[in-house]
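Data first, discussion second: the structure below is written as structure tokens.
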Amino acid sequence: MTEKQLTARGMVIGAIGSIILTMSSMFIALKLSSLPWPIMFVVLISMFTLKLCGNTNLQEINVTQTAMSAGAMVAGGLAFTIPGIWILDPDAEINLTALFVVALGGVILGLIFTALFRKYFIETRPLPYAMGQAAAATLVVGDSDRKKAGLLFTSMGGAGLFTVLRDWLGKIPATLMSTSAIGTYGSYLGIWLSPMLASIGYIIGPVVIGVWFLGALIGDFGILIGGVEMGLWDSTAAANIKSSLGIGLMVGTGIGILVKGILPKARDIFGTMFRKDRLGDCFISLRWAPAVMVILAFVFTVAADMGVLASIITILGTWLATSMSAQCVGQSGINPMEIFGIIVLLAARAVSGIGGTEAFYVAAVVAVACGLVGDVMNDFKAGDVLKSDPKSQWLAEVIGSVIGGIVSVLILAVILKAYGGSAFGGEMFPAAQASAVAAMVGGISSLPAFLIGIAAAVVLYCVNFPVITLGLGVYLPFYMSATAFVGGVVRFLADRFVPSFERDNKGTIIASGLLGGESIVGVIIAIVTALQIIV
């Protein structure tokens, strides 16, 4: 294994990058209600910068980009939840200390669970993690194979140009939609013109993507359109059933992961937290973790006024939610972190008397942890391909995520001071995800559908059915699922009729380039947008 991986210069570069990406991610998440995966952007920046410095290697580049990308998802976790406080009450006042506690508490829990879950999701039951694979392919091909590098960067440039025309210049529509389906049924039938999502579908493959699309068919053609047409319910009830069923399927998947995958291996996965001489499935001793969780419960109770019971539910719920996030990102490339926050928020409100603001704190802790876990599990996948030292990656994650937690709170406070609470949920900062969290503070809209989803998912997961992507398909707008399905279909046709294409990895290289092109340009647009807002 290469010795020079976690270096001082790499961490300085990673820290500076984390600050910049955290700032831009906060603005873009609030402004555009979206957050592009940062991994491809930071891989290229880390590679360019370290090669400029000289005497580097792929492992040092990978560890550096791990530090650089962590803060972006921390910012996303806050931006997708906390603004809901002001959406409900523009004059609400919150304690800045409580926000730091929430952000850094989510970071600490995310750090613990990434260490505990890495081997299970990367080695024991390896998941695709399309973004991580694409990042590793970019580094390997860009470093060693000129012919394949040309293929990679040509596709990357094409996707980047497409993204500029679509998102920056507005010359290409973002989606092709059926307006009649939206108006009549609330169904977003259509397709999202996204090279990135189609590439994720290609890399993940037709089986899992087929299940994802099946969920979309159930959600839109079954519940929204079919149910309304048959007179079973109106469009409002249909939307409630669809979202509740999708959330229930994802919660049930989390329970299934715990029951089938994590609890039977609890001794190996969690042994490092209780025995000095036992690392088990982990790469670092976490004997300090139980004590830190107890301290966090106390801090949440006192500093964030969440109460003892809600604080305990938050920590236990984060354990469940991060396992769901790791599975979801691994199989689909999508991380609905605010949904995981909603799930634990509802559980905390059901068993405790916490107020509205504190409920948002619960959701934010979970969303930050899930955002961090999703990002770093992609980094670990890239590290597994590149033979990077996971301990070095994890320590880099500590640096980048702590910086991200601090910077994201400061940026959110600056935005609030400059524009006021009324800016959230309106034209200035739509914050669509935070609006969804605000809407769910009152509870699950269709409890029977939610419970059916949980029961079905537990059973299906235990028989090895990729149920979390089924839940995603039910929950997400149809146009996103349709785009991923196109990528899966292309992969099916390539494997069946042109097997040499994928045997030489040309398909995966092109898909990695398309994925990287859109995500890189997306991050650049985010940074430019953030600078324009600041100025």
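The values are calculated or read from the model by the stated rules, or taken from the named source; none is laboratory data. Bear in mind the structure is a predicted one, so any value in this text is a computation, not a measurement. Note: ideal-geometry Cβ built from the backbone for every residue, glycine included; neighbour counts use all protein chains shown. The accessibility values were calculated without ligands, DNA or RNA, using every heavy atom of the protein model including side chains. Shrake-Rupley method; radii C 1.70, N 1.55, O 1.52, S 1.80 Å.
Please pick out the residue among 265, 242, 260 that is in a helix (DSSP H, G or I), modelled with pLDDT of 85 or more and open to solvent by 10 Å² or more (accessible area, probe 1.4 Å). Don't jump to the end; show me each part of the working.
On the way: 265 fails: modelled with pLDDT of 85 or more; 260 fails: modelled with pLDDT of 85 or more.
When all the criteria are applied, what remains is 242.
Just checking, which of 56, 7, 49, 81 is β-branched (Val, Ile, Thr) and in contact with a Leu (Cβ under 6 Å, 6 or more places away or on another chain)? Steps first, please.
On the way: 7 fails: in contact with a Leu (Cβ under 6 Å, 6 or more places away or on another chain); 49 fails: in contact with a Leu (Cβ under 6 Å, 6 or more places away or on another chain); 81 fails: in contact with a Leu (Cβ under 6 Å, 6 or more places away or on another chain).
None of the other options fit; the residue is 56.
If you check 305, 281, which single one turns out to be closer than 27 Å to residue 353 by Cβ, touching a helix residue (DSSP H, G or I) at 6+ places or on another chain (Cβ under 8 Å), in a loop (DSSP other than H, G, I, E, B) and at pLDDT below 90?
On the way: 281 fails: closer than 27 Å to residue 353 by Cβ.
It is 305.
Those residues that are open to solvent by less than 30 Å² (accessible area, probe 1.4 Å), more than 17 Å from residue 346 (Cβ to Cβ) and without any contact (Cβ under 8 Å) to a residue 60 or more places away in the chain, I need them from the range 295-312; list them, please.
297, the sole residue that qualifies.
Given the conditions (1) surrounded by fewer than 18 Cβ atoms within 10 Å (Cβ to Cβ); (2) over 24 Å from the mean Cα position of the chain (by Cα); (3) among the small types (Gly, Ala, Ser), and given that residue 174 satisfies all but one, which numbered condition is not satisfied?
(2)
Go through the range 442-466 and report how many residues are part of a loop (DSSP other than H, G, I, E, B) and crowded, with 19+ Cβ neighbours inside 10 Å. Before the answer, list the steps.
Start the filter on the range 442-466 by keeping residues that are part of a loop (DSSP other than H, G, I, E, B), which leaves 442-446, 463-466.
Narrowing the set further to residues that are crowded, with 19+ Cβ neighbours inside 10 Å leaves 444, 446, 466.
Summing the residues that are part of a loop (DSSP other than H, G, I, E, B) and crowded, with 19+ Cβ neighbours inside 10 Å in the range 442-466 gives 3.
Per-residue answers, yes or no, for (1) aromatic (Phe, Trp, Tyr); (2) in contact with a helix residue (DSSP H, G or I) (Cβ under 8 Å, 6 or more places away or on another chain); (3) part of a helix (DSSP H, G or I):
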site: 81; (1), (2), (3): no, yes, no
site: 91; (1), (2), (3): no, yes, no
site: 98; (1), (2), (3): no, yes, yes
site: 101; (1), (2), (3): no, yes, yes
site: 113; (1), (2), (3): yes, yes, yes
site: 120; (1), (2), (3): yes, yes, yes
site: 128; (1), (2), (3): no, yes, no
site: 131; (1), (2), (3): no, yes, yes
site: 138; (1), (2), (3): no, yes, yes
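Just the residues that are among the small types (Gly, Ala, Ser), open to solvent by 20 Å² or more (accessible area, probe 1.4 Å) and touching a helix residue (DSSP H, G or I) at 6+ places or on another chain (Cβ under 8 Å), please, taken from the range 191-236.
Our first condition is that a residue be among the small types (Gly, Ala, Ser); within the range 191-236, this holds for 194, 198-199, 201, 205, 210, 215-216, 219, 222, 226-227, 231, 235.
After this cut, where a residue has to be open to solvent by 20 Å² or more (accessible area, probe 1.4 Å) as well, the list is 198, 210, 222, 231, 235.
Hits for the range 191-236 are 198, 210, 235.
Scan the range 225-241 for residues that are of a type in the set (A, V, I, L, M, F, W, C) and under 22 Å from residue 190 (Cβ atoms) and jot them down.
Start the filter on the range 225-241 by keeping residues that are of a type in the set (A, V, I, L, M, F, W, C), which leaves 225, 228, 230, 232-233, 237-239, 241.
Within the range 225-241, 225, 228, 238, 239, 241 meet the criteria.
Taking the stated definitions as given, is residue 291 open to solvent by less than 20 Å² (accessible area, probe 1.4 Å) and either at pLDDT below 90 or more than 26 Å from residue 83 (Cβ to Cβ) (or both)? If you could, list the steps in order and put the result at the bottom.
Values: open to solvent by less than 20 Å² (accessible area, probe 1.4 Å): no; either at pLDDT below 90 or more than 26 Å from residue 83 (Cβ to Cβ) (or both): yes.
For residue 291, the condition - open to solvent by less than 20 Å² (accessible area, probe 1.4 Å) and either at pLDDT below 90 or more than 26 Å from residue 83 (Cβ to Cβ) (or both) - is not met.
Within the range 487-516, how many residues are assigned to a loop (DSSP other than H, G, I, E, B) and at pLDDT 80 or above? Full working, then the answer.
Residues of the range 487-516 that are assigned to a loop (DSSP other than H, G, I, E, B), as a first pass: 498, 504-505.
Okay, now just the ones that are also at pLDDT 80 or above, so 498.
The qualifying residues number 1.
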